[in-house]
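The values are calculated or read from the model by the stated rules, or taken from the named source; none is laboratory data. This is a predicted model, so every value here is computed, not measured. Cβ placement follows ideal geometry from the backbone for every residue including glycine, while neighbour counts extend to all protein chains displayed.
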Amino acid sequence: MDGERKAVMRVRDLEVSFGDNLVLSDISFDVYEGEILVILGESGCGKSTLMRHMLMLRRPQGGTVHYGDLNLVEASENELDRVRRDFGVLFQSGALFKSLTLGDNVAMPAREFTKLSEETIEELVSLKLEMVGLGGKQNLMPSELSGGMQKRGGLARAMVLDPKVLFFDEPSAGLDPVTSAALDHLIITLNESLGITMVVVTHELPSIHAIAHRAIMLGKDRAGILAEGTPDELRNSGHPRVNAFFHRERLEENGAA
Amino acid sequence: MAHTVTHPITIENAEKSYAEFSAYARDTGSETVVFDLAGLEEIDSAGLAVFHRLQSTLEHDNRRLEFENIPERVRQLFELSHFDEPSDEIETPPPPKNELERIGLIALDTWQDMRSMLGYIGRVTLALIWSFKYPKKVRWGDVVRYVQETGANALPIVGLMSALVGLVIAFSSAIQLKQFGANIFIADLIGIGVSREIGPLMAAILLIARSGSAFAAEIGTQKISEEIDALTVMGLKPVPYLVIPRIIATLITLPLLTIFADFFGVAGGMVIAQFSLDVSPTIFVTRLGEAVSLWDISSGVMKSFFFAILIAGVGCYRGMETSGGAMGVGRSTTQSVVSGIFLLVIADSIFVVLFQYLGLN
Ligand SMILES: Nc1ncnc2c1ncn2[C@@H]1O[C@H](COP(=O)(O)OP(=O)(O)OP(=O)(O)O)[C@@H](O)[C@H]1O
Ligand SMILES: [Mg+2]
């Protein structure tokens, strides 16, 4: 990362609730261009919820989310559609369309939004599949792929139109350490070679240390952001909950929170 | 004064131990009930539960439970189950207090649900009109596939059911007609009844059962596996992408299925006319031509266009509203059939009144 640090996304005072259940409040942070930002926190603290609201799949109860100069919270559906063309998202389950082959899944954004010829699209698809290590598998159905392969397929689809920002929801959850390390490596390579900004939700300590340029840790019980910084800074932070997370410690129930 | 526990407390003798301990607690009557555990060699989770239960009953009467001489192993178990702290409140959503309140809440829920469902169908209808203005944007390939699924594949069951219903209606009216010597009017009865009501309703009910539910299940599954979110972030809106092709397909198939059902319903009636009422097919068909007006048939077909939007709309709405995993998909599917049939009957009643009121008979 270079010194200037231009923010591509700015989240301010985000507040989210489901009915009476206030899940996020007081969330403010920036995503800088070209960085890998990791969002971490205990299970159920609202990481996926935060990601869904950065993508404006649901409107928050308060606060703003800016992408460039556009406030997504107040943007129209058409504006959102335009903005989302800059985004690629890898959902927790991969979210491949089960009725299409892997190749058609990856080709879908290109077929819908570009005027590329079918031949070019096919080349593009095999290029992206090659990148995620699924070369030659375009004709398989998602049900014929393992969980890790589905995730990589989802990644290929997310990157097919060269997004500016890639979002990942727990990319390595449920993967074995080797596959998960390979995925981390892929994330780093994509970031370095294509300069894609990345927002990654994860709990995996090895992943965090491997990929994160910066991390923010969400607190449980709508405590806002507990800590923000490089993995090493968080690791040595004085905050008991952050410490416990990074050292895999059990936190005494009635200890400080 | 402490009660000395000498035997193990395990799953085998838990109830007996509880009876023993609570009898002791009752007999002493003192504020603090003390147990000496020096001789307790074995205790399992059921045993812990016994003490927890005793503690809650005592707490209820503002009394306390205490232990003496707790062996090390038992102490660890006690710590694990947080014996020293007051037991946690079990979190429950505050239940509405009385039945009346519950009925009111259910009614409100149902009302809300109906409103948002009808709102959704309204919005989808607008999108449908919009898509007729820009037919290039419609995914015709999907439309063809759904026409096949909702229409062609439904022909056997629609034909069979309609024929059987025509048969049953004709059979049950045959006796009365014979009493008045009005055998020939079987053609009027079947012709008008089937073309106006039985045909459209049979076709619609089978569409709800076969396709409305399938829409809810398909879209619901896509919803819970994040496919809908994936579509949205790719800029492909679920309504034009998933809903509109299904609605156009049912708009094509339901009127055709209705005519098909009309035909088989009448054929069923004709069989009974021949065998129970001695009305030959030739006479039946001739009479049918005199009795049934074009309006009878076209009003039924016209209704089916509305039913098609309603049924596909409900199915898709239920799918889009799905949450809560595989169980949620099941719930949505059931709901799509229940609210589909409910709305169908309401809509049909409105048509009956409307036609009557407009003098279209
Ligand atoms: N659609 C929803 N309706 C109601 N409550 C929701 C919904 N989605 C999430 N929640 C609530 O929001 C809270 C945070 O959920 P979220 O899925 O964001 O957690 P998470 O941090 O991603 O957890 P995990 O690490 O286990 O995936 C939970 O308490 C959950 O009950
Ligand atoms: Mg999550």
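Take the residues of segment A:47-57 that are near ligand 1 (Cβ under 10 Å from one of its atoms) and without any contact (Cβ under 8 Å) to a residue 40 or more places away in the chain: which is surrounded by the most Cβ atoms within 10 Å (Cβ to Cβ)? Full working, then the answer.
Of the residues in segment A:47-57, the ones near ligand 1 (Cβ under 10 Å from one of its atoms) are A:47-53.
Retained after the next criterion (residues that are without any contact (Cβ under 8 Å) to a residue 40 or more places away in the chain): A:49, A:52-53.
On the way: A:T49: 20, A:R52: 21, A:H53: 25.
So, considering only residues that are near ligand 1 (Cβ under 10 Å from one of its atoms) and without any contact (Cβ under 8 Å) to a residue 40 or more places away in the chain, the one surrounded by the most Cβ atoms within 10 Å (Cβ to Cβ) is A:H53.
Report yes if some residue within segment A:112-131 is within 14 Å of chain B (Cβ to nearest Cβ), in contact (Cβ under 8 Å) with a residue 24 or more places away in the chain, outside any helix (DSSP H, G or I) and not acidic (D, E); otherwise report no. The answer is yes; a qualifying residue exists.
Just name the residue that is nearest to ligand 2 (Cβ to nearest atom) out of those in segment B:291-320 that are of a type outside the set (F, W, Y) and without any contact (Cβ under 8 Å) to a residue 60 or more places away in the chain. Write out each step before concluding.
We begin by selecting, within segment B:291-320, every residue of a type outside the set (F, W, Y); these are B:291-294, B:296-304, B:308-316, B:318-320.
If we keep only those that are without any contact (Cβ under 8 Å) to a residue 60 or more places away in the chain too, we end up with B:293-294, B:298, B:302.
Details: B:S293: 62, B:L294: 60, B:S298: 54, B:M302: 49 Å.
If we take residues in segment B:291-320 being of a type outside the set (F, W, Y) and without any contact (Cβ under 8 Å) to a residue 60 or more places away in the chain, then B:M302 is nearest to ligand 2 (Cβ to nearest atom).
Applying the selection to segment A:48-64, what residues are away from chain B (no Cβ under 14 Å) and within 11 Å of ligand 2 (Cβ to nearest atom)? Across segment A:48-64, the qualifying residue is only A:L50.
Quick check, is A:A107 within 13 Å of chain B (Cβ to nearest Cβ) and within 16 Å of the chain's Cα centre (by Cα)? Judged against the criteria, A:A107 is not a match.
What are the residues in segment B:209-237 that are under 15 Å from B:V314 (Cβ atoms) and more than 9 Å from every other protein chain (Cβ to nearest Cβ), if any? Even if it seems obvious, please write down each step before you answer.
Residues of segment B:209-237 that are under 15 Å from B:V314 (Cβ atoms), as a first pass: B:209-220.
Passing the criteria: B:A209, B:R210, B:S211, B:G212, B:S213, B:A214, B:F215, B:A216, B:A217, B:I219, B:G220.
Residues of segment A:73-89 include at least one that is surrounded by fewer than 19 Cβ atoms within 10 Å (Cβ to Cβ), touching a residue at least 60 places away in the same chain (Cβ under 8 Å) and within 10 Å of chain B (Cβ to nearest Cβ). Summed over segment A:192-218, residues that are more than 14 Å from chain B (Cβ to nearest Cβ), within 16 Å of ligand 1 (Cβ to nearest atom) and either in a helix (DSSP H, G or I) or out of contact with any Lys or Arg (no Cβ under 7 Å at 6 or more places or on another chain) (or both) total 10.
May I ask you to say which residue of A:G136, A:G174, A:G153 is within 16 Å of ligand 2 (Cβ to nearest atom) and either out of contact with any Ser or Thr (no Cβ under 8 Å at 6 or more places or on another chain) or at positive phi (or both)?
Details: A:G136 fails: within 16 Å of ligand 2 (Cβ to nearest atom); A:G153 fails: within 16 Å of ligand 2 (Cβ to nearest atom).
Answer to the selection: A:G174.
Considering segment A:1-47, and only residues there that are among the aliphatic types (A, V, I, L, M) and farther than 19 Å from A:G219 by Cα, the residue that is farthest from ligand 2 (Cβ to nearest atom) turns out to be A:M1. Entry remark, segment A:1-21: residues being outside any strand (DSSP E or B) and within 12 Å of ligand 1 (Cβ to nearest atom) number 2 in total.
Table: residues versus (1) in the same structural domain as B:P200 (by TED's automatic domain parsing); (2) within 23 Å of the chain's Cα centre (by Cα); (3) loosely packed, with under 13 Cβ neighbours inside 10 Å; (4) of a type in the set (S, T, N, Q).
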site: B:G122; (1), (2), (3), (4): yes, yes, yes, no
site: B:L128; (1), (2), (3), (4): yes, no, no, no
site: B:K133; (1), (2), (3), (4): yes, no, yes, no
site: B:G141; (1), (2), (3), (4): yes, no, yes, no
site: B:Y146; (1), (2), (3), (4): yes, yes, no, no
site: B:T150; (1), (2), (3), (4): yes, yes, no, yes
site: B:N153; (1), (2), (3), (4): yes, no, no, yes
site: B:L167; (1), (2), (3), (4): yes, no, no, no
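Per the listing A:L37, A:L24, the residue uniquely among the aliphatic types (A, V, I, L, M) and either part of a loop (DSSP other than H, G, I, E, B) or within 14 Å of the chain's Cα centre (by Cα) (or both) is A:L37.
Do the conditions hold for A:L96, that is, is it within 12 Å of chain B (Cβ to nearest Cβ), touching a residue at least 40 places away in the same chain (Cβ under 8 Å), within 16 Å of ligand 1 (Cβ to nearest atom) and touching a helix residue (DSSP H, G or I) at 6+ places or on another chain (Cβ under 6 Å)? For A:L96, the condition - within 12 Å of chain B (Cβ to nearest Cβ), touching a residue at least 40 places away in the same chain (Cβ under 8 Å), within 16 Å of ligand 1 (Cβ to nearest atom) and touching a helix residue (DSSP H, G or I) at 6+ places or on another chain (Cβ under 6 Å) - is not met.
A:G44 meets the conditions (1) more than 16 Å from ligand 1 (Cβ to nearest atom); (2) under 23 Å from A:H203 (Cα atoms); (3) part of a loop (DSSP other than H, G, I, E, B) in every case but one. The failed one is (1).
Which one of B:A267, B:A312 is within 17 Å of B:L118 (Cα to Cα), buried (at least 17 other Cβ atoms within 10 Å of the Cβ), more than 14 Å from chain A (Cβ to nearest Cβ) and more than 16 Å from ligand 1 (Cβ to nearest atom)? Before the answer, list the steps.
Working: B:A267 fails: within 17 Å of B:L118 (Cα to Cα).
It is B:A312.
Inspect segment B:178-200 for any residue being among the β-branched types (V, I, T), over 30 Å from the mean Cα position of the chain (by Cα) and surrounded by 19 or more Cβ atoms within 10 Å (Cβ to Cβ) and give the result as yes or no. Steps first, answer last, please.
Of all residues in segment B:178-200, those among the β-branched types (V, I, T) come to B:184, B:186, B:190, B:192, B:194, B:198.
From what is left, the residues that are over 30 Å from the mean Cα position of the chain (by Cα) are B:184, B:186, B:190, B:192.
Now restrict to residues that are surrounded by 19 or more Cβ atoms within 10 Å (Cβ to Cβ): B:186, B:190.
Looking through segment B:178-200, at least one residue is among the β-branched types (V, I, T), over 30 Å from the mean Cα position of the chain (by Cα) and surrounded by 19 or more Cβ atoms within 10 Å (Cβ to Cβ).
Only one entry in B:P245, B:P240 is modelled with pLDDT under 90 and within 14 Å of another protein chain (Cβ to nearest Cβ), namely B:P240.
Yes or no, residue by residue, for (1) surrounded by 22 or more Cβ atoms within 10 Å (Cβ to Cβ); (2) part of a helix (DSSP H, G or I); (3) within 16 Å of ligand 1 (Cβ to nearest atom); (4) of a type in the set (D, E):
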site	(1), (2), (3), (4)
A:G133	no, no, no, no
A:N139	no, no, no, no
A:K151	yes, yes, yes, no
A:G154	yes, yes, no, no
A:L166	yes, no, no, no
A:L175	no, no, yes, no
A:A182	no, yes, no, no
A:H185	no, yes, no, no
A:L190	no, yes, no, no
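When you go through (1) acidic (D, E); (2) modelled with pLDDT under 90; (3) more than 16 Å from ligand 2 (Cβ to nearest atom) one by one for A:E74, which number turns out not to apply? A:E74 satisfies every listed condition except (2).
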